[in-house]
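The values are calculated or read from the model by the stated rules, or taken from the named source; none is laboratory data. Remember, it's a predicted structure, so these values are computed and weren't measured experimentally. Please note that ligands, DNA and RNA were not included when accessible areas were found on the heavy atoms of the full protein model with its side chains. Shrake-Rupley method; radii C 1.70, N 1.55, O 1.52, S 1.80 Å.
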Amino acid sequence: QGTDLFLRGGNSGDRGLCDYYGLDASSGNVSWLWNHCYKALANINMFFETIDDVPFKDESEKDQYKAEMLVMRSMFLWIITETWGDSYLPRSTDEKEGMEARRSPRSDFYKEIIGGLEQAIQMLPDQRTSEFGRIDAPAAKAFLSRMYLYNQQFEDAELLATQVIEGNYGLELASSLKELWDDSKRNNEFIWTTEFTEDEGFKQWSSYWQYYAMFIDRFPGIKTECGWTGYGGCRSIPSLYYISLFNHK
């Protein structure tokens, strides 16, 4: 990323991800991602170990949650193995298993990733959800298509991607950049997207959007309608190569 798509911005923040400076196992950027991925997997494994003991008025609702967690489990496993290669693959919350230091090959990760997504697709209604942010069939299919590509199952990837693109899900390319980047994040080009919630029970403050805010209002005579543009949050900028990949017409 640091050499191809994004370059270091103008502030004096952490340069590790852009310059590969001090980027090792002790780096906070690395340990943060590692810890959160494995915390997520621990919670998901606990979910599967306990969900069948939870009574539901409608068992199809339970299947919906199971399918969603299968997709989430595949996502975290994918992040781990693509970041660290052969790594620890937790299959349960058993304490003894968790204390054993061992590596599983990436092939085992992809077996779990693809198997989980294939199972999730069978459990989800073959339709687009009306509930914003919830995982649905086209989201699972699109993710599985991508995993097929990573696993070099090219015909399977093409078949599934075609189902998402040409299926009866109402997905289509946005007609303009304005529509694509609309604050609602709810146009028909998004296959699956979530946004920060206003629910006080889950609401968290995020500063990530500031990392890409340019310093343009530091120049005399320039005033923007965006807050924080002079804050110093510009941690990375798109490279000319990355910009060249877009159709400017």
Amide hydrogen neighbours beyond the local backbone of Ser87, cut-off 5 Å, H modeled: Ser104
Computed lengthening from Ser26 to Glu59, 0.36 nm per intervening residue step minus Cα-Cα distance: 7.4 nm
Share of carbon and sulfur in the accessible heavy-atom surface of segment 63-111 [1.4 Å probe, %]: 52 percent
Overall form of segment 24-116 per C-alpha gyration tensor (a/c, 1.5; a/b vs b/c): prolate
Listed pairs Lys66/Lys111; Lys62/Lys141; Lys62/Lys111; Lys57/Lys141; Lys39/Lys66; Lys57/Lys111 exceeding 22 Å between Cα atoms: Lys62/Lys111; Lys57/Lys141; Lys57/Lys111
